[in-house]
Amino acid sequence: MGTEEGNPNWSKYEKSVSDLGKWAWIIGILSGVIYVIWGIWGAVTVGTFLFGFGIGYFIWMIIGGIITVLISYTIIKPNFSDKCVDKDWDFLLNWVIDMGSLRFPWMLFWGIILEIFTWWGGLPILIPAILLLFAGPKKYEWSTKQ
C-alpha cells in the first residue's frame, strides 16, 4: 500500500464518509427504482404521445434503473457500504483493479458506472471514495511500482 501517512484531518471526515457510504447502496436502489418508474411512465405516456419518437430515452432509463438496483445490492452493499459501516478503510483502499502499473479503485469505477446509468445514483459512492482516496487515513498509492 505504500506509506502509512494519511491526512492529519481524516478524523474530521471519517464519520461523514462512513455515514454516506453506509447509505450508498440504499440510495442506489432508490435511484434505480425511480428511474424504472419514470422510464415506464415516460414510455407509456410521452412515448405513445410522440408515436415512438424519443421512446429510446425512456427504455434507457428502465434498463439503467434495473442495472443500478442490481449493482447496488450485489456489489455496492457488500463491498462498499458494509465496509464503510465497519470503517474497513484498508479493504476499500486495496479493492483495486490492477491495470499494469495503475491501481484503479473499484469504488470509483462503480460510482462512475452508477452515474452513467442514473445521473445521481453514484454520488454517495463517489463522494466518500474521493475523500477516502485524497484525504483518507492512509496515502493512496496509484502505482504498483514502489
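The values are calculated or read from the model by the stated rules, or taken from the named source; none is laboratory data. Quick caveat, the model's predicted, so the values are computed rather than measured. Positions of Cβ are generated from backbone atoms using ideal geometry, with glycine treated the same way; all protein chains shown enter the neighbour counts. Heads up: the accessible areas ignore ligands, DNA and RNA and are worked out on the full protein's heavy atoms, side chains in. Shrake-Rupley method; radii C 1.70, N 1.55, O 1.52, S 1.80 Å.
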* In nm, to one decimal, how far is the W38 label point from the Y73 one, both placed 7 Å along Cα→Cβ? -> 2.1
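Relative contact order for the chain: what is it in percent, counting Cα pairs under 8 Å that are at least 6 residues apart?
Working: 220 pairs, mean separation 54.2, N = 146.
This gives 37 percent for the chain.
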* To do: Pull up all non-local amide H partners of V96: gap of 5 or more, or a different chain, and H-to-H distance under 5 Å with H placed in the peptide plane.
  => W106
* Express the accessible area of the chain per residue in Å², computed with a 1.4 Å probe while the remaining protein chains stay in the model. => 55
* Asked: Using the Karplus equation 6.51 cos²θ - 1.76 cosθ + 1.60 (θ = phi - 60°), what ³J(HN,Hα) coupling, rounded to whole Hz, does each residue of the stretch 85-96 give in order, writing x for Gly and Pro?
  -> 4, 7, 6, 8, 5, 4, 4, 5, 6, 10, 7, 10
* Structure fact -> Residue separation between E141 and D90 times 0.36 nm, minus their alpha-carbon distance, gives in nm 17.1 nm
* Helix 55-71: angle to the longest alpha-carbon principal axis of the chain, degrees 0 to 90, nearest 10? -> 40
* Asked: Given a 1.4 Å probe and the protein chains all in place, what does the accessible area of V36 round to, in Å² to the nearest 10?
  -> 30
* the chain, helix-only ellipticity at 222 nm - DSSP H runs n ≥ 4, -39,500 (n - 2.57), divided by all residues, nearest 500 -> -20000 deg cm²/dmol
* **Net lengthening on full extension, T45/I97 (0.36 nm per residue, minus Cα-Cα)** => 14.5 nm
* **Length-normalised contact order for the stretch 91-146 - Cα pairs under 8 Å, 6+ apart - percent** => 34
* To do: For the chain, take the alpha-carbon Rg, divide it by the Kirkwood Rh, and send me Rg/Rh.
  => 1.11
